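Worksheet: the structure to be examined is printed underneath.
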Amino acid sequence: MDANGGELKQLTEDDLPLWGGCTWSPDGKKIAYAAGVLDKEGVDIFEIDVDTKNINRLTNMGVGVRSGNPAWSPDGNWIAYSVLQIEQWPLPENGFRIVFSDSTIYLIDSRGGIAKPLKKTIGLSSDHVPVWIPENFFFSFPRCE
């Protein structure tokens with residue numbers, strides 16, 4: 001939509017549930033977002049071209065893995081995102097709650113490629129939101145709710 005709340009434009013037509021936000025590329029041409037079905041193919045990172053509506057699936061993390069909170073690098077070449085794995089599925093014995101593992105921040109080339117975990121972030125204690133700060137420095141902080 002435009003800044004005044006008008007000119008709504010639907011970009012996706014699939015029925016995948018969205019998870020963990022979305023973010024504009026630095027050049028304003030694409031949006032990265034997390035979508036998927038946790039117990040089928042998992043929740044992955046996608047990018048969509050705002051003009052053409054072409055969707056590119058960047059990750060394929062697998063069943064029981066939830067990717068989220070994508071963040072573009074300032075140069076637009078990388079996307080950082082958080083990853084959680086299900087440790088316990090929602091069952092009567094755990095009150096029908098999903099229990100996730102600690103989070104890890106991953107990086108993927110925005111043109112596609114292999115997603116790689118950042119070793120220093122393995123086992124962070126909660127679902128972290130990756131944030132890029134001036135130029136090439138990277139930082140992560142817990143999501144505030």
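The values are calculated or read from the model by the stated rules, or taken from the named source; none is laboratory data. Here the structure is a predicted model, which means the values were calculated and not measured. A quick note on method: Cβ atoms are made from the backbone with ideal geometry, for glycine too, and the neighbour counts reach across all protein chains shown. Heavy atoms of the whole protein, side chains included, go into the accessibility calculation; ligands, DNA and RNA do not. Shrake-Rupley method; radii C 1.70, N 1.55, O 1.52, S 1.80 Å.
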Boolean, Trp72 is at pLDDT below 90 and crowded, with 16+ Cβ neighbours inside 10 Å: no
Odd one out for Ile86 among (1) farther than 23 Å from Ser73 by Cβ; (2) modelled with pLDDT under 70; (3) buried (at least 17 other Cβ atoms within 10 Å of the Cβ): (2)
Filtered residues of the range 27-44 (kept if under 16 Å from the mean Cα position of the chain (by Cα) and under 25 Å from Trp132 (Cβ atoms)): Lys30, Ile31, Ala32, Tyr33, Ala34, Ala35, Gly36, Gly42, Val43, Asp44
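Let's see how each residue does on (1) in contact with a Ser or Thr (Cβ under 7 Å, 6 or more places away or on another chain); (2) at pLDDT 90 or above:
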residue	(1), (2)
Leu8	no, no
Leu18	no, no
Lys40	no, no
Asp44	yes, yes
Ile48	yes, yes
Leu58	no, yes
Residues satisfying the stated conditions in the range 54-66, i.e. part of a loop (DSSP other than H, G, I, E, B) and open to solvent by 80 Å² or more (accessible area, probe 1.4 Å): Asn54, Asn60, Val63
